[in-house]
């Protein structure tokens, strides 16, 4: 308690901007390979106690995401938060709505984000929901995955290198969940996800698709006319090849 009181007394007139500048100065001087809240406590106690007292989320937790998001990008990448004890999976819609606060009404940015303001809003919402998902809140996980699907669908329409993901929906779901689970620092979640999909997509098998209205060779028979259904499994396939699934 004496250490805490002494730390609080040293805060003085510090504001968030000054706290960020001081933290960056300490990071430049110490050059750690990575840092966490305990590192800040040990090397910049005045900054730590300011953040502990003044920078909180809507749920009352210390908002380290807000702090790290204001650091220079090289320092953001060094952030390595202490691994929290994951709770048993639970559902809490109220916690999710409370955490998002005024951001709740701005989830449309996953469908349409034309300016940098919307990009930042999208990344902030993703970070909040990712933290709750990592904590074990299934409602937050499901909400974030649904929003990410909207965003990725839009990307696939515009980026040819991502279109292979359309025919690998289970792989896409797995990759999205993995990105949510592994998201660590408050850099751009969208860029983090985009790079992950581009790299992981290189290993996906390419499936060539053609329109079902196209004719087969030089005949008048269309491909749709040769689609048959397996009476036992209900699976649809092309009668002449039995290889292309619809």
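Of interest is the spacing of the C-alpha centroids, which for region 7-73 and region 98-176 amounts to 28 Å. The simple Förster model, with R0 at 22 Å and r as the Cβ-Cβ distance, assigns residue 159 and residue 77 a FRET efficiency of 0.35. Going from the fewest other Cβ atoms within 10 Å to the most, the residues 67, 62 appear in the order 62, 67. Computed from the C-beta positions of residue 94 and residue 31, the FRET efficiency with R₀ = 51 Å rounds to 0.75. Please work out whether region 2-76 counts as rounded, prolate or oblate from its C-alpha gyration tensor, where a ≥ b ≥ c are the square roots of the eigenvalues and a/c under 1.5 means rounded, while otherwise a/b larger than b/c means prolate and anything else oblate? Here region 2-76 falls in the oblate category.
FYI, it's all coordinate maths here, none of it is from the lab. Owing to the predicted nature of the structure, the values given are computational and were not obtained by experimental measurement. So basically every Cβ, Gly included, is an ideal-geometry build from the backbone, and we count neighbours across all protein chains shown.
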